[in-house]
Amino acid sequence: LPSSISGLTIDPKDMVPTLRAVAEDGNAFGRVQDALVTYTAQRVDTYDGSAFLHDGGDGSPSRDLAAFVQQSNQAVGHMDAIRADVIYQAGEDEKSINNWNKSIQYHVIGAPVSGIPLAGDTLQRLVDLGTTEYMNNLNTEVD
C-alpha cells in the first residue's frame, strides 16, 4: 500500500510482524493505536452526512465510505490481534518462569529430605505436591 505522504510501499504481510515488534514497547504501540484512531477520525470527518445515508438513492452508504470503513476495521482488528498476542506471550513467559522456579524449589527443598531413612521418599513426594500446587496457583493468577 503506497503512502500518500512518503511514497513508500509496505506489503501488508510485512506490517504485522513489524507492529508485533513495536508492541513489545507498550508506549510505542499505544502511539501507533492513537495514530490509527486519529487518522480514522480525520478521514471520517471528510465525509458529509449524505455519505452515511445513501449512495445514489439505493439506501446504502457510499462505496468509498464503505471501503474505508472495511479497511479501518481490518486495521483495528490486526491491532487487537497483535495486542492479544503480546498479552498472551507475556503470560506464557511468566508461566515458564513459574515452572522453572517450581523445578528449582523441588530440588532445593526435596534433595535434603530425600536421604532421610524411611521418611525421605514420602517427604520428597510431599515437596513435589507442595511445589506443584504453588506453581499451579501462580499460573492460575497469570491466566
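The table below lists the values:
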| read-out | value |
| --- | --- |
| Accessible area of PHE29 in the full protein assembly, 1.4 Å probe (Å², nearest 10) | 10 Å² |
| Gain on full stretching of the segment that runs from GLN42 to ILE104 - 0.36 nm per residue minus C-alpha separation | 16.8 nm |
| Surface share of carbon and sulfur [accessible, 1.4 angstrom probe, percent] for the chain | 59 percent |
| Accessible area (Å², 1.4 Å probe, nearest 10) - LEU123 | 60 Å² |
| Solvent-accessible surface (1.4 angstrom probe) belonging to LEU53, in square angstrom, nearest 10 | 120 Å² |
| Accessible area of the chain divided out per residue, in Å², using a probe of 1.4 angstrom | 72 Å² |
| Candidates VAL76, VAL127, VAL32, ranked by Gaussian network fluctuation over the chain, Cα under 10 Å, top entry | VAL127 |
| Percentage of interatomic Cα-Cα distances in the chain larger than 28 Å | 52 percent |
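The values are calculated or read from the model by the stated rules, or taken from the named source; none is laboratory data. The shown structure was predicted, so the numbers you read here are calculated from the model rather than taken from an experiment. Accessible surface areas use protein heavy atoms only, side chains included; no ligands, DNA or RNA. Shrake-Rupley method; radii C 1.70, N 1.55, O 1.52, S 1.80 Å.
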